[in-house]
Every structure is written in C-alpha cells, then in structure tokens.
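Values quoted throughout were computed directly from the atomic coordinates according to the rules given, and no laboratory measurement underlies them. All figures in this text were calculated on a predicted structure; none of them were measured in a lab. In this analysis, Cβ positions are derived from the backbone assuming ideal geometry, glycine residues included, and neighbour counts consider all displayed protein chains.
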Amino acid sequence: MLIQSKVRGFICTTAHPSGCAQHVLEQIQYVKSQPAITGGPKKVLIIGGSTGYGLASRIVTAFGAQAQTIGVFFERPAQGNRTASPGWYNTAAFEKEAAAAGLYAKSINGDGFSDEIKQQTLELIEKDWGGGVDLLIYSLASPRRIHPQTGVLFQSVLKPIGEQPYTNKTIDVTTGAVSTVTIETATAKEIEDTVAVMGGEDWMMWIDALREKNLLADGIQTLAYSYIGPKLTDPIYTKGTIGQAKKHLAATSKLIQEKLKPMGGNAYVAINKALVTQASAAIPVVPLYISLIYKIMKAQGIHEGCIEQMYRLYKHCLYRTDQKVALDASGLIRIDDWELAEAVQKEVEVLWEQVDSANVEQRTDLAGYRHDFYKLFGFEVAGIDYTKDSVIEVAIPSING
Ligand code: NAD
C-alpha cells in the first residue's frame, strides 16, 4: 500500500518501512565512516533501544565496537492497514544489517517496566551470553508506567513546579505558528508520578535482576541519559516535573555505583543534547528551542544528531584510549557541551526575544526540525520513492527470543 505521513499533534501515526530502514542505514554508515571504538563493550543490553538515543547507542556499540547487542523496547507491529511503529521498522533493519555484518543482535518487545519482560530478557542473556552483560544502557522514555509490584499506573506530566504557572513562547510545528503557552504547576501527586515513571527505580530494578542471576560481567558499565539545558527551559525541564525525575535518576546512579563497585563496575548519567525525538517533541516550548539551536549550531558547524552524539559519547567519553572516563565536577558525562557553549546560548537569548510567527522560518531552522521529525517516522528520507507501494508487515527475525 501507499504510505503517507499522518501527523496528529506531536506524533505521526504512520511510519514508512523503507524510510526507517534507510535512516538506520545512514546511521550505520556514519559509524562505519568513523574510527573504530577500541577497548569497547562486547555484550550490550539497551533498554529503549529502538528509536532516538537508544537506537543510536545500539548502532554505535554494534558497528563501532563490534559488540553483540540485545535491545528491549515497546513497539507495535503492523496490524491490518495500520503500519508498525517506527521503532519496529528500525529494529527489523538493524537486525538485518547486523546479521549481514556477522554481529549478534536480538530483540525483546514488550513493557520493560514489567517483571515478565525482565524475566524474558534474563533468560535470553543466560542462554546466549554466559559471562553476562558488560554495558547496560538505560534509554527508556515513556509517558506511563505500571509498577510491577503494586500494579499501580503512573502517568508522567511535563509541568513546572512551584507557585507560579510558566508562560513562554511555543510553536505549532505543523503550521509554524508561534504563540504563548501557559502551563499550570504540577500537583504533588503529579511530581511523584513523574518520578515513578522517569526516575531511576526501574533502572535499579534491571541492575538488581541481572545481579541476582549473576549476569553482570566484571567491570560492568551502565549509563542512563538525561538533559540539563539552558535557563530558558529550566522551568519546564530541569526545575519541572521531568527534572525531579532526572534528579532521582542521578541519585540512583550513585546507589548503583555502590552496588557495582565490588565488581569493578561503574554507573554514569550522560547529559545529552536536545534533539528531535518522539519523546522531546511532546515537551512544550522545547521544539521552538530545538529549532533555534539547530539554526545556530548548523551555522557554527557544530550540529550533531543522535548518532553523532552517541558516537562522541562512547568513543571520546566512555571508552577513551587513556581509559579515563570524561566527567564534569558533578561526576556527569557532558555531551551537551556544544549546545551550552556561550557562543550558542548568547545567540539563543537574542533570537528567542525576536522570534514570532512571521519570522520563524528565517530566525530558526524550523525546516530542519520538521525534516528530522518526519525522518523519525521514515518520511523525507533521501533515496526513497514514496510513490511506490510498500509492504507494511515486516518481521524482526529474533523477536522475543
Ligand atoms: P525515544 O522516544 O526516541 O525512545 C524511547 C525508547 O523507549 C524507545 O525505544 C521505546 O520503544 C522505549 N520504550 C518506551 N516505553 C517503554 C516500555 N514501557 N518498555 C520498554 N521500552 C519502552 O526517546 P529519546 O529522546 O531517545 O529518549 C531516551 C532518553 O534520552 C530519555 O531518558 C530522555 O530523557 C533522554 N534525553 C533525550 C533528549 C532529547 O532531546 N531527545 C536529550 C537528553 C536526554
């Protein structure tokens, strides 16, 4: 059938199989064009490994370090006339390319918060990887979580915290209309719920489950991803509900670090750049900010996408030739350094004041933002003929063991 993009708010409800596959291939080719990661991981488990930063991490460790990978994610296969979700098509393409390169790659689809999916993953690791995992990447982003022990459903919200509602500019990416949005502050329960979904509890549960079964290799490294950003987004991000969750994630990394110490292991939080992904598109104000930094960072020749960020993270921060991990004074890995550079943020401040619906196309790189957004779903990918019929049912060879 012919597949067209159908954008509803901040998501696209369709995905293009060949477009997603080509996008994965582009990322693989980027990694192959860079120097290999020497002394890198050998057996990598990626939670949230089908899109965005998690997929890029999987591609970098597989094709940059020749690692075996197991990806866990929550995606939808095609059903009837409904296309699969992009992460499904991405993974099918990744597995195909990994097999062609002789790289082990298996995938588990389901709710990674659940005991059942953890159990299934442990069984696969036990069966296939005797010595266990030597790198666990936690890149899950979700709006909800069912707690595995209580069955309680938590919904995360993206809201400011405190007395005052937050008012700032935002953009309707489809129409380009810049308007003012006011977001009411979160209730105590909303803050708690967001921490329950996006905080560190589930990361810790993965570590504990693997540790109990002796499936963490000596020298195990684990990472989770976070964001800090400029003052501009502080009220909705760092000082908002999601910021509280990220604070919990960072505190959890210290607890995990203690647990891994006897095995010579380490736990880190990497602070990544703001980029268009399905998760970030949902945050108010942020898409306008991303359109601005795209414009500025491209002009300065320092723009990176997920794959360039993850390559820099693993090649130049975690698996450096001098064996020292690059950390800031708070013990965080910072690959948001170029985004937060003064030369970038000074321009952001000036342009933020000026931008409106009439000049948004000139002042920002909204076109670049939109293009990347469509690419997340396999649209606007170079080399794909969108007038050709596609088969929407695509198999992931290894799915669920
Ligand atoms: P994304 O939406 O592209 O990816 C989310 C992943 O989580 C997907 O693989 C999805 O299948 C998986 N997932 C969702 N619910 C799941 C569940 N219940 N069980 C198993 N898997 C599930 O998001 P992203 O932007 O790549 O975010 C990944 C991490 O990076 C998050 O911690 C996010 O906060 C962080 N981060 C993102 C940005 C950004 O600008 N996008 C910046 C800095 C840090």
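Observations, loosely collected:
- Over the chain, DSSP H runs of length four or greater, each weighted -39,500 (n - 2.57), average out per residue to a 222 nm ellipticity of -12000 deg cm²/dmol.
- Antiparallel DSSP beta bridges within the chain, percent to nearest 5: 30
- Counting beta carbons within 10 Å around each of Asp202, Asp134, Asp385, Asp128 and listing the fewest first gives the order Asp385, Asp128, Asp134, Asp202.
- Residues with amide H under 5 Å from that of Gly219, placed H, sequence gap 5 or more: Gly264, Gly265
- For the range 297-358, alpha-carbon Rg relative to the globular expectation (2.2 N^0.38 Å, N residues): 1.43
- Listed pairs Lys246/Lys324; Lys246/Lys273; Lys231/Lys346 exceeding 20 Å between Cα atoms: Lys246/Lys324
- Backbone amide hydrogens, once placed in the peptide plane, bring Phe74 within less than 5 Å of Gly110, excluding anything fewer than 5 places away on its chain.
- Projected over all directions and averaged, the alpha-carbon convex hull of the chain occupies 19.4 nm².
- Order of Cys20, Cys12, Cys317 - criterion: other Cβ atoms within 10 Å of each residue's Cβ, fewest first: Cys317, Cys12, Cys20
- Spatial separation of Cα centroids for the range 343-372 and the range 177-210, in angstrom: 28
- Distance between the modelled labels on Asn359 and Lys32, one decimal in nanometres: 4.5 nm (7 Å Cα→Cβ projection).
- Under the combined filter of DSSP loop state and at most 10 neighbouring Cβ atoms within 10 Å, the range 304-401 retains these trypsin sites (Lys or Arg not before Pro): Lys324, Lys388.
- By the rule of a C-alpha distance below 23 Å, with chain neighbours fewer than 8 residues away ignored, the lysines paired with Lys96 are Lys32, Lys42, Lys43, Lys106, Lys127, Lys375, Lys388.
- Here the residues Met204, Met1, ranked from fewest to most Cβ neighbours within 10 Å of their Cβ, fall in the order Met1, Met204.
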